[in-house]
Amino acid sequence: MARANYGIDAPNVIRTMGLLTLGLIGGGLVLQAVSRTGSGTARLGVTLLWPGASFAVTALLMLVSSRFGKQRARDRLLDRLALRGDETVLDVGCGHGLLLLGAAKRLPRGNAVGIDLWSQADQHANRAAATIANAVAEGVSDRVTVRDGDMRQLPLEDASVDVVVSSLAIHNVPSAAERASSIREIARVVRPGGRVAILDIAHVGDYARELRKAGFIVEHNGITPWIFPPTRELVARRPE
Ligand SMILES: C[S@@+](CC[C@H](N)C(=O)[O-])C[C@H]1O[C@@H](n2cnc3c(N)ncnc32)[C@H](O)[C@@H]1O
């Protein structure tokens, strides 16, 4: 059976860094090869190697995060939730289903719903069919539903889910006002006593503030060590 593939995040950024690496390191080596040792041109060649190397390291760290680190960060976040196994979990911006399917594996008597608008810039080869194929590969397709939707206007009833999770998705909403309304939407669909668990590379303080405004108690706001760029994890509870 095929293995699940959780996709590469920000593929355009990684591609651009790869091209910059090739250009800078290639250009630096050519300048050194064609110029006299110690000349200004040779020194320029050496200087170009440094930014080239830093783009290479950054692109590599992002690739390793997408392939391996995110799975560790997922497990750590889901461990914090200590699910009973009968909940309904919503993954907002589920992409290939990293949190969606990780949660579904912990829900033998529950179900997991993923919503996404399938941006190709945010994740390579992003589409509902790939997420469903991953659910089959992980053996959880009987309790997973994938829907088209926008987090700024979630297609769900008020107080209809036990837990909302979201990984590296909310920062993709371009304006602060729209990110705030996404968090209000997330708060709206969580039942009293339910929880929200978010991983993101930016704006996590704003999410915490918006959740507090919606009456949630922030239980955890810290760094996860497994993802590059540096990523925070946030867990909040809606009081009964
Ligand atoms: C970097 S990917 C992360 C996907 C997945 N959560 C993961 O960690 O592998 C960001 C996801 O957010 C989705 N997304 C971006 N804006 C969205 C919006 N307004 N509503 C729903 N999903 C959105 C993208 O389509 C993409 O699947």
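The values are calculated or read from the model by the stated rules, or taken from the named source; none is laboratory data. Note that the coordinates shown come from a computational prediction; the quantities given were computed from them, not determined experimentally. Cβ: placed from backbone, ideal geometry, glycine included. Neighbour counts: every protein chain shown. For the accessible areas, the whole protein counts, side chains as well, though only heavy atoms, and no ligand, DNA or RNA atoms are used. Shrake-Rupley method; radii C 1.70, N 1.55, O 1.52, S 1.80 Å.
Taking the 0 to 90 degree range and rounding to the nearest ten, how far is the long axis of helix 204-213 tilted relative to the main principal axis of the chain, both from C-alpha atoms?
20
Looking at the range 116-209, I'd like the Rg to Rh ratio, where Rg is from alpha-carbon atoms and Rh is Kirkwood's inverse mean 1/r.
Value, to two decimals: 0.97.
Any idea of the accessible area per residue across the range 68-237, 1.4 Å probe, to the nearest Å²? Please report the intermediate quantities before stating the final value.
On the way: 7030 Å² over 170 residues.
With the other protein chains kept in place, the range 68-237 gives 41 Å² per residue.
So, in nm, how far is label residue 159 from label residue 76 when the simple model puts each one 7 Å beyond its Cα toward the Cβ?
Label at residue 159, label at residue 76, 3.5 nm between them.
Can you list residues from other chains, or at least 5 along the same chain, whose modelled amide H is less than 5 Å from the amide H of residue 114?
Under 5 Å from the amide H of residue 114: 91, 145, 146, 147.
Let me cross-check residue 39: its accessible surface, 1.4 Å probe, with only protein heavy atoms counted, in Å² to the nearest 10?
That residue has around 20 Å² of solvent-accessible surface.
Tell me the angle of helix 176-189 to the major Cα principal axis of the chain, expressed in degrees between 0 and 90 and rounded to the nearest ten.
30
Between residue 16 and residue 191, what is the label-point separation in nm under the 7 Å Cα-to-beta-carbon projection?
Distance between the two pseudo-spin positions: 4.4 nm.
Would you please name the GluC sites (Glu not before Pro) within the range 140-229 that are DSSP coil residues with at most 16 other C-beta atoms within 10 Å of their C-beta? Let's see the in-between values first.
Values: sites: 157, 178, 185, 210, 219; in loops: 157.
Listed in order of number, the matching sites are 157.
Which residue, 65, 35, 166, tops the fluctuation ranking in a GNM of the chain built on C-alpha contacts under 10 Å?
Comparing 65, 35, 166 in a Gaussian network model of the chain, the most mobile one is 35.
Relative contact order of the range 68-237: what whole-number percent is it, with Cα pairs under 8 angstrom and at least 6 residues apart? Before the final figure, lay out each step's value.
Numbers: 335 pairs, mean separation 35.0, N = 170.
Answer for the range 68-237 is 21 percent.
Quick one: Karplus J couplings for the range 224-229, per residue in order, coefficients 6.51, -1.76, 1.60, θ = phi - 60°, nearest Hz, x for Gly and Pro?
These are the phi-based 3J(HN,Hα) values: 9, x, 9, 10, 10, x Hz.
Could you identify which residue out of 164, 196, 218 has the top mean-square fluctuation in a GNM of the chain using Cα springs shorter than 10 Å?
218
Only helical DSSP H runs with n ≥ 4 go in: add -39500 (n - 2.57) per run for the chain, normalise by residue count and round the 222 nm mean residue ellipticity to 500 deg cm²/dmol. Intermediate results must be reported in sequence, preceding the final value.
Values: 7 runs with 103 residues, N = 240.
Rounded to the nearest 500, it is -14000 deg cm²/dmol.
Compare 66, 141 by solvent-accessible area with a 1.4 Å probe and give them largest first, with all protein chains kept in place. Could you put the intermediate results ahead of the total?
Numbers: 66 5, 141 60 Å².
These residues rank, largest area first, as 141, 66.
Can you give the % of DSSP beta bridges in the chain that are antiparallel, to the nearest 5? It would help to have the intermediate numbers written out before the result.
On the way: 15 of 34 bridges.
Counting DSSP beta bridges with both partners in the chain, the antiparallel share is about 45 percent.
Working out 0.36 nm times the residue gap between residue 46 and residue 217, then minus their Cα-Cα distance, what length gain in nm do you get to one decimal? Present the calculation step by step, with values, prior to reporting the outcome.
Values: separation 171, 0.36 × 171 = 61.56 nm, distance 5.28 nm.
Going from the current span to full extension adds 56.3 nm.
If I stretch the segment between residue 145 and residue 128 completely, what's the gain in nm (0.36 nm per residue apart, minus their alpha carbon distance), one decimal? Display every interim value, and only then the final one.
On the way: separation 17, 0.36 × 17 = 6.12 nm, distance 0.99 nm.
Contour length minus the Cα-Cα distance gives 5.1 nm.
How much length would be gained if the chain were fully extended between residue 202 and residue 119, taking 0.36 nm per residue of separation minus their Cα-Cα distance, in nm to one decimal? Intermediate values should be presented prior to the final figure.
On the way: separation 83, 0.36 × 83 = 29.88 nm, distance 1.84 nm.
Extending this stretch completely gives an extra 28.0 nm.
Carbon and sulfur: what percent of the chain's accessible surface (1.4 Å probe)?
Details: 6700 of 11520 Å².
About 58 percent, which is the carbon plus sulfur part of the accessible surface.
With an 8 Å Cα cut-off and a minimum separation of 6 or more residues, compute the relative contact order for the range 9-137 in percent. Provide the component values of the computation, followed by the final result.
Working: 154 pairs, mean separation 30.4, N = 129.
Value for the range 9-137: 24 percent.
Between Rg and the Kirkwood Rh of the chain, both from Cα atoms, what is the Rg to Rh ratio?
Reported Rg/Rh, Kirkwood definition of Rh: 1.09.
Loop by DSSP (not H, G, I, E, B), at most 10 other beta-carbon atoms within 10 Å: where is the longest site-free stretch of the chain for trypsin sites (Lys or Arg not before Pro)? Mind dumping the intermediate values first?
Details: sites that count: 3, 36, 109.
That would be 110-240.
Angle, helix 128-137 long axis vs. longest principal axis of the chain, Cα atoms, 0 to 90°, nearest 10?
Tilt relative to the chain: about 80 degrees.
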